[in-house]
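Every number here is computed from the coordinates shown, using simple stated rules; none is lab data. This is a predicted model, so every value here is computed, not measured.
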Amino acid sequence: MVLSLVWPGKFYVLVMGNGSLGEPQLSLFEFETVTVNHRGEIIERETRHAKYYREDLGEGIFLDMVAIAGGTFLMGYQEKLQHSVSLPPFYISKFQVTQAQWFRVASFPPIHRSLNPNPSSFKGENRPVENISWLECQEFCARLCQYTGKSYRLPSEAEWEYACRAGTVTPFHCGETLTAELANYDASYSYGEAPKGQCLYKTLPVGSFPANGWGLYDMHGNLWEWCSEIWHDNDLDNNLDCLTEGSDRVIRGGSWMIYPWACRSAHRRSSPLYYASYGIKQEFKKNRWPRLWSWLGFKNSIQVQPESSSNTMEAKPEVRLNTIGVRVVGL
């Protein structure tokens with residue numbers, strides 16, 4: 001089953017599978033979803049309901065996990081690499097992991113490494129946590145598991161895309177294109193025939209835009225989100241049995257500073273597991289403006305990596321390393 005959670009840059013999804021404590025008590029929540037045509041015009045608004053449970057983290061902080069029904073879908077967007085994937089039910093965090101949630105979990109006893117309780121550049125309790133590495137997300141999940149007695153981890157690529165698509169086959173869960181009214185990305189670029197907008201140069205509080213068809217928010221833009229697997233040139237090798245080899249991990253979803261085509265449901269990129277933001281090395285080489293370095297988050301998983309030294313770089317005052325965040329999945 002899937003639980004939704006928010007985190008750094010993009011601290012997006014926690015996936016929770018079948019735990020030993022039995023099924024949680026589920027409640028219904030109501031949300032609005034929209035569909036747009038190729039010009040970005042809204043052609044349908046619909047009120048839907050989804051099931052979720054609320055994890056009490058103490059001190060008035062909660063984590064909402066949405067139940068995702070199992071099913072089969074066509075993963076990927078390149079025809080030669082598209083393949084059918086079947087998944088069991090799971091829970092995933094409704095939002096990217098927020099700074100308030102991160103701060104609370106960072107106060108729990110350490111397991112494998114320390115956590116900066118306030119790593120984000122764009123401050124705000126309800127903004128997604130960013131400037132967090134894949135390794136730190138593993139520690140976050142481990143502490144969450146220990147505190148709750150349940151299993152939490154980062155989502156797999158397949159779980160992330162399945163949850164993002166929410167039953168759709170279009171480039172975006174909202175339809176054929178994306179607009180600045182539907183997600184936080186660099187809207188000075190357009191996709192298809194949609195109108196251009198502005199780049200906001202910052203993250204926004206989670207849930208600022210309509211949810212997808214399954215009640216998950218900010219699956220496009222705001223922050224990249226960490227997934228569990230090591231990076232492969234295609235997504236055919238994605239599985240949860242190979243998590244410790246290599247240094248690059250998959251990121252999904254796009255961010256506040258990226259073009260709309262990089263926010264598509266099937267789009268995938270990689271980042272070293274110790275980076276807290278995406279594309280630092282590449283952007284320095286290209287002499288691109290440093291705003292691009294603030295867009296990673298993640299969804300947490302139950303896997304925890306051994307302690308290792310993290311590579312950091314001292315940023316100039318105008319540089320914000322805050323583009324990756326996280327969601328968690330509950331098992």
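A few remarks follow.
- Overall form of the range 126-217 per C-alpha gyration tensor (a/c, 1.5; a/b vs b/c): prolate
- Between amide H atoms placed 1.01 Å from N, distances below 5 Å from Asp248 occur with Trp231, Leu273, all of them 5 or more places distant or on a separate chain.
- Note on the range 23-158: Rg/Rh from C-alpha atoms, Kirkwood Rh, equals 1.01.
- Euclidean distance of C-alpha centroids, the range 180-218 and the range 24-51, integer Å: 15
- Listed values for the range 110-125 are Karplus-derived 3J(HN,Hα) couplings in whole Hz (6.51 cos²θ - 1.76 cosθ + 1.60, θ = phi - 60°), namely x, 10, 10, 7, 7, 10, 6, x, 9, x, 6, 7, 8, 6, x, 4, and x replaces Gly and Pro.
- When you restrict to C-alpha pairs under 8 Å that are six or more residues apart and normalise by the size of the range 91-237, the relative contact order lands at 24 percent.
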